[in-house]
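K.L.:
Attaching a single structure in structure tokens format; questions to follow.
Each value in this text was obtained by applying a stated rule to the coordinates, not by laboratory testing. Quick caveat, the model's predicted, so the values are computed rather than measured. Glycine gets a Cβ as well: all are built from the backbone with ideal geometry, and neighbour counts include every protein chain shown.
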Amino acid sequence: MNTGGLILIVGSLAAAAAAFIWLAFKIQNGPPAKGRKELIADAAAEDVEHIFNDDFREELRNRGRLHFEKVINDNAVFLQQDLRNTTTQLNEYMRSEITRTLQEEFKKYEQSINDAKQLAMESIQKTVATIEQQRQFLEQQIKAQSTAQEERIVARFEAEMAGIFNHYIVKAIGNQIDLSDQLDFILGELEANKQAILEDIKHGAS
Amino acid sequence: MAPLKLTPDIVSQADLTRLNRELDSLDDFFVSAKARPAGSPIAPPKLSRALEALAKENAVNLLDEKNRQTLADQLAAVYKEAPNFHISFAVEASPKSLERILVWMRQSVHPQLLLQVGLQPTIAAGCVLRTTNKVFDMSLRARLNSQTEYLAALIKESVDGR
């Protein structure tokens, strides 16, 4: 409400009061054709009708409407600001809550992933250790088997070697060496075994 | 009575048996000669070189019955009592080679020793002698068998040095 309006309203009220006072004073000094109270009431009603006529009422109604609209508009602005503030706060709150919740969930998720990762790592480590043990065991077994096989082959070769050479010699020379060529060898061997042969004869048949 | 000297022609008990058969046939000849009328032609049995050599070596008169009987008895005794070895060679033994071996054995081991000769090609060379209780493997095969370590060392050197 502006100052002009306020002055107008105050001026109107002051004029009404002055008119009321004048009327009261005149009634007190005039002839009491009617009753005094009745005259005052009639004058007041006439002044009221005179002061608060339709235009004035319409003016007051318009002013009240404007004032109400202004109040409504002001409150709407305040309400809008509050709503904005509330929305902003709500957004902030929602954001922070969502962020907090998401962070907690992410933490839980991360923890779960870490646990799963740890479990997987432990499992892999155990598997690797087991595989390593198996590998070492297999390696030892293969080495042992290889060594045993090698020893068997060498032993068999050594056992059969003389036979192989002998077979080769028999195949290679066969009957080419006459007994006369072997006589020196045979007589030498007989001479070397002479004592044993004599001992055998001495003991006779067993 | 001096022991019977065996000649190198007599190698095995089979030879003794053959000589005994010859002596028997000689006895039969003389018995049949006595039974024939005088002047009838007869052909004396042909003696083997081994019997002749044996008779000569031991100064035995084969015309004399007692001498023949003594020789037969001595041969039977040798057959029964003399050591009889079995010897195997990788190849067929020539008479000359066998004689040298036999002479060595009769000089070194026993004067009336007899040999039974066999053939064993797998021994490659040398001989295998089986006496009364033992077997003396004097073959190249046995020699190679006894040298397996040396052979193995040679092969190992060859393999390592490749």
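K.L.:
Looking for something out of contact with any Gly (no Cβ under 9 Å at 6 or more places or on another chain), within 8 Å of chain A (Cβ to nearest Cβ) and over 21 Å from A:Lys194 (Cα atoms) - is there at least one such residue anywhere in the stretch B:106-119?
P.N.:
So in the stretch B:106-119, the residues out of contact with any Gly (no Cβ under 9 Å at 6 or more places or on another chain) come out as B:106-119.
Those still in the list that are within 8 Å of chain A (Cβ to nearest Cβ) too: B:108-110.
Among the residues that remain, those that are also over 21 Å from A:Lys194 (Cα atoms) are: none.
Looking for residues that are out of contact with any Gly (no Cβ under 9 Å at 6 or more places or on another chain), within 8 Å of chain A (Cβ to nearest Cβ) and over 21 Å from A:Lys194 (Cα atoms), one finds none in the stretch B:106-119, hence no.
K.L.:
Of the residues that make up the stretch A:166-181, is at least one more than 10 Å from chain B (Cβ to nearest Cβ), surrounded by fewer than 14 Cβ atoms within 10 Å (Cβ to Cβ) and under 21 Å from B:Ala142 (Cα atoms)?
P.N.:
To start, the set of residues in the stretch A:166-181 that are more than 10 Å from chain B (Cβ to nearest Cβ) comprises none.
Looking through the stretch A:166-181, none of the residues is more than 10 Å from chain B (Cβ to nearest Cβ), surrounded by fewer than 14 Cβ atoms within 10 Å (Cβ to Cβ) and under 21 Å from B:Ala142 (Cα atoms).
K.L.:
Does B:Ser97 satisfy the criteria of being buried (at least 18 other Cβ atoms within 10 Å of the Cβ), more than 7 Å from every other protein chain (Cβ to nearest Cβ) and not acidic (Asp, Glu)?
P.N.:
Numbers: buried (at least 18 other Cβ atoms within 10 Å of the Cβ): yes; more than 7 Å from every other protein chain (Cβ to nearest Cβ): no; not acidic (Asp, Glu): yes.
Considered against the rule, which asks whether it is buried (at least 18 other Cβ atoms within 10 Å of the Cβ), more than 7 Å from every other protein chain (Cβ to nearest Cβ) and not acidic (Asp, Glu), B:Ser97 comes out as no.
K.L.:
Taking A:Ser112 as the residue in question, decide whether it is over 55 Å from the mean Cα position of the chain (by Cα) and hydroxyl-bearing (Ser, Thr, Tyr). Give the derivation first.
P.N.:
Values: over 55 Å from the mean Cα position of the chain (by Cα): no; hydroxyl-bearing (Ser, Thr, Tyr): yes.
Against the criterion (over 55 Å from the mean Cα position of the chain (by Cα) and hydroxyl-bearing (Ser, Thr, Tyr)), A:Ser112 does not qualify.
K.L.:
Related question: Looking at the stretch B:39-48, is at least one residue assigned to a helix (DSSP H, G or I) and either among the hydrophobic types (A, V, I, L, M, F, W, C) or without any contact (Cβ under 8 Å) to a residue 12 or more places away in the chain (or both)?
P.N.:
Filtering the stretch B:39-48 down to residues assigned to a helix (DSSP H, G or I) leaves none.
So far as the stretch B:39-48 goes, no, none of its residues is assigned to a helix (DSSP H, G or I) and either among the hydrophobic types (A, V, I, L, M, F, W, C) or without any contact (Cβ under 8 Å) to a residue 12 or more places away in the chain (or both).
K.L.:
For B:Ile10, all conditions in the list (1) assigned to a loop (DSSP other than H, G, I, E, B); (2) surrounded by fewer than 14 Cβ atoms within 10 Å (Cβ to Cβ); (3) of a type in the set (Val, Ile, Thr); (4) within 19 Å of the chain's Cα centre (by Cα) hold save one; what is the number of the exception?
P.N.:
(2)
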